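All of the numbers you see were taken from the coordinates with simple rules; none came from a lab. Just so it is clear, the model here is predicted, and its values are computed rather than measured. Because the Cβ atoms are built from the backbone with ideal geometry, glycine has one as well, and the counts that use them run over all protein chains shown.
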Amino acid sequence: MSVKTSDRMLHETVSHQAVVDSPDPQSRVRSAPRPGQDPYPTRLSEPLDMPWLSRREAVVKGGADDGPLSQAQLDEFDRKGFLFEPDFISGEELDELRQELAALLERDDFRGRDFAITEPSGSEIRSLFAVHCLSERLGKLARDARLVGRARQILGGEPYVHQSRINYKPGFEGKGFNWHSDFETWHAEDGMPAMHAVSASIVLTDNHHFNGPLMLIPGSHRVFVPCLGETPDGNHRQSLKQQELGVPSREALSALVERHGIEAPTGAAGGLLLFDCNVLHGSNANMSPDPRSNVFFVYNRRDNRCVAPFAARRRRPEFLAHEPDEAWAPAG
């Protein structure tokens with residue numbers, strides 16, 4: 001490795017600043033400088049001399065005695081970066097969650113709000129954020145021991161909800177989402193320091209190969225792919241509709257897919273997909289008449305709470321990046 005490459009990898013953050021509280025969630029700016037070096041540089045002006053960097057943190061920090069997942073399941077998650085559990089919920093519980101999904105999507109007072117994201121070229125809701133705060137039912141699910149126990153076991157420490165959302169991909173209209181690592185965005189724009197987060201996605205409608213299921217590159221979670229392009233202010237308004245920044249290069253994606261392939265876990269409503277914060281994933285458009293809906297809870301380890309963003313001037317609004325024990329509510 002050249003000295004030049006090493007210096008760029010360090011991505012010095014001597015001027016990196018901590019977030020100050022503000023009544024306006026979109027004005028959470030940086031304050032006092034703090035020294036340090038960023039092991040995961042991204043949103044660069046020019047590429048590094050290598051396609052990716054090695055991950056520093058362990059993937060699974062707990063063991064089989066620490067929670068509900070077996071050693072075989074933990075090993076699979078460690079190897080692939082994700083784990084699908086069919087029939088995680090069923091019966092009346094699943095029916096109630098689907099009813100809650102429909103009720104939330106029908107709320108007229110949510111339309112036009114910053115936490116309700118519509119399709120790039122239409123008025124259909126694409127994502128609804130902070131659902132564990134908007135819905136008592138989903139708040140209870142976010143705190144459910146079945147999910148929290150799995151998150152604690154994988155993370156090796158106490159989790160909190162960093163983000164929650166419903167992703168709704170309507171039949172015929174639902175657009176795809178570009179390849180990305182969630183951690184790249186959370187690190188760059190939210191200030192998440194390290195890879196100590198896991199997503200829990202519960203399938204609320206049947207996922208099949210034709211309604212735009214989530215696709216993942218198994219094994220990609222073991223490397224970090226730096227991305228190009230400076231983060232503009234308010235980038236979340238565009239990126240939540242159609243991600244353009246924070247997308248790995250085609251060369252890096254091609255190499256990782258050639259090495260690991262692509263998997264798309266599918267199954268009946270009620271399945272649970274757990275996936276690592278850094279695994280590369282995306283989805284195609286929904287070409288079928290069948291909608292695809294999932295509820296996501298992102299669990300971050302408490303000692304990994306967000307600081308100042310590593311590649312943006314301001315942190316994103318609270319509905320996208322919650323603090324531990326934060327009682328968020330929509331304004332107005």
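Here are a few things to note about the model shown:
- Amide H contacts of residue 288 (H built 1.01 Å from N, under 5 Å, at least 5 apart or other chain): 172
- Percentage relative contact order, the stretch 61-129, counting C-alpha pairs under 8 Å, at least six apart: 13
- Packing-based ranking, highest mean first, of 186-195, 320-329, 44-53 given that Cβ atoms within 10 Å are counted: 186-195, 320-329, 44-53
- Net charge in the neighbourhood of residue 269 (other residues with Cβ under 9 Å of its Cβ; Lys, Arg +1, Asp, Glu -1) is 0.
- Shape call, the stretch 51-304: gyration tensor on alpha carbons, a/c limit 1.5: rounded
- Alpha-carbon centroids, the stretch 266-332 and the stretch 145-168: separation in whole Å: 10
- Short-range pairs are left out: with C-alpha atoms under 8 Å and at least six residues apart, the relative contact order of the stretch 51-304 is 34 percent.
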